[in-house]
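Notes follow once the structure below has been shown.
The values are calculated or read from the model by the stated rules, or taken from the named source; none is laboratory data. From a predicted model like this one, the values you see are computed outputs, not experimental measurements. We place every Cβ from the backbone using ideal geometry, glycine too, and count neighbours over all the protein chains shown. To get the accessible areas, we keep the full protein, side chains included, count just its heavy atoms, and leave off ligands, DNA and RNA. Shrake-Rupley method; radii C 1.70, N 1.55, O 1.52, S 1.80 Å.
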Amino acid sequence: MGAGAILIGMLYCGARFLPLAVLTPLFGGKNVPAPVRVGLACALGLCAHGRPIEEAAASWSIGAIASELVTGLLAALPVIFVLKGLEVAGHCLDQVCGTNSVEILFPSEDARASPTAQLCGLAFALILFDAGVHTALVSAVAQSFAAAPPGTAPVMGARGLNVLLSTCGAAIGAGVAFGLPFLVLSVGVDAGLNFAGRLTAGFSLAPHAMHVKNALALALMVVLADRIWGAAAPWAPRVIAVVNSLLSPGV
């Protein structure tokens with residue numbers, strides 16, 4: 001077997017793991033240099049498939065590589081959906097507390113504009129690690145090589161599409177449910193202070209709204225912390241169930 005076949009085999013196998021390595025924090029994400037992520041994806045692919053693809057040199061194509069990326073994306077999407085859903089709650093808290101204004105004071109990049117959203121994403125990543133989801137994801141993608149050999153296009157039926165859409169909707173809905181109390185708090189404080197300002201002519205309480213919202217939002221976060229954590233934890237095994245459903249044949 002020539003070096004070309006081995007190299008192209010690495011591309012095929014690594015492309016299926018690349019979305020997990022690039023788009024999710026479980027295998028590095030944006031915090032790891034791109035060459036390291038690509039190398040990790042290729043290493044995972046070769047280890048999962050067990051051997052280089054002998055026929056790769058003769059049959060490789062850009063379309064086949066794209067098919068591998070799409071198959072890998074199916075495994076990454078459930079993780080991304082849940083992370084983004086929880087980040088919605090963080091964005092809501094940041095809007096109430098004004099912590100997103102750190103980007104105005106110290107402009108750098110968009111990733112730092114919502115610190116609590118980042119914290120929610122990191123917390124869920126810890127939940128996934130604690131539940132062993134990262135190893136289960138590697139196992140699920142490895143088993144998908146038997147159902148869809150490298151270079152073949154993924155097949156998604158109506159059931160798989162419904163699973164994907166329902167997971168996306170449920171994850172974003174959970175994030176909205178987690179963040180809704182903070183948004184209601186913000187609207188309530190603004191309405192209450194505006195009403196109080198009307199009762200006291202010549203004395204406006206609106207400038208103090210942010211301080212009141214900060215204190216109440218932090219208190220609410222402490223009160224709801226256990227509830228939010230308990231509601232987020234069951235998503236870890238659900239992610240694996242969705243990934244297995246998407247990568248199984250006949251979906």
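Observations
- Yes/no for A140 being under 13 Å from V243 (Cβ atoms), open to solvent by less than 50 Å² (accessible area, probe 1.4 Å) and either at pLDDT 75 or above or not hydroxyl-bearing (S, T, Y) (or both): yes
- Test: residue in segment 198-213 that is among the hydrophobic types (A, V, I, L, M, F, W, C), at pLDDT 75 or above, open to solvent by less than 40 Å² (accessible area, probe 1.4 Å) and in contact with a helix residue (DSSP H, G or I) (Cβ under 8 Å, 6 or more places away or on another chain): no
- Sole residue being open to solvent by less than 50 Å² (accessible area, probe 1.4 Å), more than 19 Å from the chain's Cα centre (by Cα) and modelled with pLDDT of 80 or more, chosen from G45, G9, G39: G39
- Scan of segment 12-29 for residues that are open to solvent by 40 Å² or more (accessible area, probe 1.4 Å) and under 12 Å from the mean Cα position of the chain (by Cα), ordered by number: V22, L23, P25
- Test: L161 is under 20 Å from L20 (Cβ atoms), at pLDDT 65 or above and outside any loop (DSSP other than H, G, I, E, B): no
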